[in-house]
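Following: one structure in C-alpha cells, then a few remarks.
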Amino acid sequence: SFGEILKPLRSFTSRTREKIRAAINRTNKILLEESYVSLNEFYDELGLDHTVTGDMIGWTRYYSNDWIELHFSSQLTNNGTPCLVIGYETLPKSDYDR
C-alpha cells in the first residue's frame, strides 16, 4: 500500500499522532467544502514540503463518499533508523479534481 515515512520514532509521541489526526480532520474539511483536495494540501496541514506528485494526486467526493483515513505503523529505514509510517486506507488518485 501507499505510505509515507514521516519522522524518526525517537521523536514520535502520541502528540505527534494527534497532530496527524488533526491534519486529517482539517484536510477532510477541505474535501467536504470543495469536493476535492490534493496530496500537497494534506502535506500543507502536516507542515511538509510539496512534491511534484502531490499536485497530480488527491481525493475527490465527486464519485464516492470516501474520507481520507490513515493507519499508523513503523518500519526501519535503509540505515536502520526506526520511523513512523502512515498508510492511506483511501488512496489518493490521479484526476481527482475533474
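The values are calculated or read from the model by the stated rules, or taken from the named source; none is laboratory data. Note that this is a predicted model, so its numbers are computed, not measured. So basically every Cβ, Gly included, is an ideal-geometry build from the backbone, and we count neighbours across all protein chains shown. Surface accessibility is based on the protein's heavy atoms, side chains included, excluding ligands, DNA and RNA. Shrake-Rupley method; radii C 1.70, N 1.55, O 1.52, S 1.80 Å.
Secondary-structure-derived ellipticity at 222 nm for the chain, considering helices only, amounts to -10500 deg cm²/dmol, per-run term -39500 (n - 2.57) for DSSP H runs with n ≥ 4. Here the 3J(HN,Hα) profile of the stretch 18-25, calculated from phi with Karplus coefficients 6.51, -1.76 and 1.60 at θ = phi - 60°, is 5, 5, 5, 4, 5, 5, 4, 4 Hz, Gly and Pro shown as x. Extension gain for Asn25 to His71 (0.36 nm times residue separation, less C-alpha to C-alpha distance): 15.2 nm. Taking a Cβ cut-off of under 10 Å around Glu89, the surrounding Lys, Arg, Asp and Glu residues balance to a net charge of -2, with basic ones at +1 and acidic ones at -1. Heavy atoms of the protein chains alone define the surface here; on that basis the chain has 63 Å² accessible area per residue at 1.4 Å probe size.
What is the chain by shape, rounded, prolate or oblate, if you read a ≥ b ≥ c off the alpha carbon gyration tensor as root eigenvalues and call it rounded for a/c under 1.5, prolate for a/b larger than b/c, and oblate otherwise?
Prolate is the answer for the chain, as a/c is 1.5 or above and a/b outweighs b/c.
Listed values for the stretch 75-91 are Karplus-derived 3J(HN,Hα) couplings in whole Hz (6.51 cos²θ - 1.76 cosθ + 1.60, θ = phi - 60°), namely 7, 9, 6, 4, 8, x, 7, x, 9, 7, 10, 10, x, 9, 5, 10, 6, and x replaces Gly and Pro. What residues of the stretch 82-98 lie in the reach of a label at Tyr63, counting those whose backbone N is under 20 Å from a point 7 Å from the Cα along Cα→Cβ? Zone members listed by number: 88-98. Length gained on full extension, Asp95 to Leu48, computed as 0.36 nm times the residue gap minus the Cα-Cα distance: 14.7 nm.
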